[in-house]
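The values are calculated or read from the model by the stated rules, or taken from the named source; none is laboratory data. Just so it is clear, the model here is predicted, and its values are computed rather than measured. Methodologically, a virtual Cβ is constructed for each residue, glycine included, from the backbone with ideal geometry; neighbour enumeration extends over all protein chains shown.
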Amino acid sequence: MSSRLHNLVMETLGMRIVSGELAAGDTMHSEHLETELQVSRSVAREAVRVLQSLGLVETVKRVGIRVLPATDWNVFDATVIRWRLAASGKGGQLRSLTELRSAVEPAAAELAAVHAPDELAAELLTVATQMRAAGRTGDLELFLDLDIRYHGLVLAASGNEMFSQMQSMIAEVLRGRTHYGLMPDHPHDEALQLHMDVAHAIHAHNPELARNAMEKIMRRTMDEVGGVWAHEPRIFQPLPSSESV
């Protein structure tokens, strides 16, 4: 029960902040949260601690719980990504993640073609084949599960532990594309074939072909969903002053 209530408070406040209902600089008080959400002080405090760890709020003595600007958020955290994808400004989040994927995944595919253990390369080929079958039948939920596994395998097979840690981020953006109606009913045959091409190239230890095919996948993705973020403003993170560098 305590865990469920903790998640309820965290999700409620997280969505309010990310959606803009609570703006940067707004303050809250723990006792008000306890009354509004009908939870104990310990549950409210634990939820606030999690939000602090995500950079969404800070506690200020004699002021309360203050909402922080988006430039302070831990934008690499999968929970923050999920909240941003559920908010009205989801286009900006999709753009940032897709651009990040476009930079990382071709490099991961290239490294995987050089370093992937045989069992990972074989599984990737199996998953790609299953994806093609699910895509052609229009089973988008199964396709989504396989797509998440596929891209996770590419990252893991690169042998780069920092790439591999991006699996949960990419899983959230893939879920967001499907759940918010940004995927076609039947994935295009070209996209399905490109996933096969990457898998075959990694299995055959051909890094150039693996990278090129993954770059084509990313370009297709940008073309397919780019309209969602066409009018979304970019967020420019402030750099630390030169004295602190």
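Structure data summary
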quantity	calculated
Residue check, G227 not in a helix (DSSP H, G or I) and not polar (S, T, N, Q)	no
Hits in region 89-140 (condition: free of Cβ contacts under 8 Å to residues at least 60 places away in the same chain and either over 26 Å from H179 (Cβ atoms) or touching a strand residue (DSSP E or B) at 6+ places or on another chain (Cβ under 9 Å) (or both))	H115, P117, D118, E119, L120
Verdict on R136 being closer than 22 Å to A171 by Cα, within 20 Å of the chain's Cα centre (by Cα) and either at pLDDT below 95 or buried (at least 17 other Cβ atoms within 10 Å of the Cβ) (or both)	no
Verdict on M222 being modelled with pLDDT of 90 or more, more than 30 Å from D118 (Cβ to Cβ), surrounded by 13 or more Cβ atoms within 10 Å (Cβ to Cβ) and within 21 Å of the chain's Cα centre (by Cα)	yes
Matching entry among E215, E172, E161 (being without any contact (Cβ under 8 Å) to a residue 24 or more places away in the chain, out of contact with any Phe, Trp or Tyr (no Cβ under 7 Å at 6 or more places or on another chain) and under 23 Å from L100 (Cβ atoms))	E161
Considering residues of region 119-178 that are outside any helix (DSSP H, G or I) and among the polar types (S, T, N, Q) only, the residue nearest to R95 (Cα to Cα)	Q165
